[in-house]
1. May I ask you to list the residues in the range 102-137 that are without any contact (Cβ under 8 Å) to a residue 12 or more places away in the chain and part of a loop (DSSP other than H, G, I, E, B)?
2. Could you list, in sequence order, the residues of the range 106-115 that are exposed (fewer than 13 other Cβ atoms within 10 Å of the Cβ) and under 18 Å from the mean Cα position of the chain (by Cα)?
3. With respect to the numbered conditions (1) exposed (fewer than 10 other Cβ atoms within 10 Å of the Cβ); (2) at pLDDT 70 or above; (3) not assigned by TED's automatic domain parsing to the domain that holds residue 111, which one is the sole condition not fulfilled by residue 61?
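The values are calculated or read from the model by the stated rules, or taken from the named source; none is laboratory data. Note that the coordinates shown come from a computational prediction; the quantities given were computed from them, not determined experimentally. Positions of Cβ are backbone-derived with ideal geometry, glycine not excepted, and every protein chain shown enters the neighbour counts.
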């Protein structure tokens, strides 16, 4: 069985997240400000590396870095259907969600993130393997900025 580029990227991301977890534990037990500052600097470097991995390649259809965020979101469809969905990843351009029943292609909806005041308008694309990619519609500047800041927090949380 040959590893694909996607498999290798996923493996590298898993290792980076494990390293971040170990460094976070070190901060909890660290003594001395110099030691904590050094570990925090390593964490920032890992976050920058993670961000470089997540930025789409030139041949990728995506136009924005995505983060793998496991969370529950509310989906309110224009046809009246409301459901809770599992968020798999999110970017400034869209999200990947899993809900039951799956959303039909072309379904217009609003995504409500936990802790977010405003719903994000989106359109469902083709559902495959139980997950539905959503494309965010043109957002007002303030809402787009809030979404980008949400994503940046993932990369710069240290």
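1. 115, 117, 129
2. Once the filter is applied, which keeps residues that are exposed (fewer than 13 other Cβ atoms within 10 Å of the Cβ) and under 18 Å from the mean Cα position of the chain (by Cα), the range 106-115 yields 114, 115.
3. (2)
Quick grid of which residues meet (1) surrounded by 12 or more Cβ atoms within 10 Å (Cβ to Cβ); (2) assigned by TED's automatic domain parsing to the domain that holds residue 71; (3) over 19 Å from residue 69 (Cβ atoms); (4) modelled with pLDDT under 90:
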site	(1), (2), (3), (4)
91	yes, yes, no, yes
97	yes, yes, no, no
100	no, yes, yes, yes
117	no, yes, no, yes
124	yes, yes, no, no
133	yes, yes, no, no
140	no, yes, yes, yes
143	yes, yes, no, yes
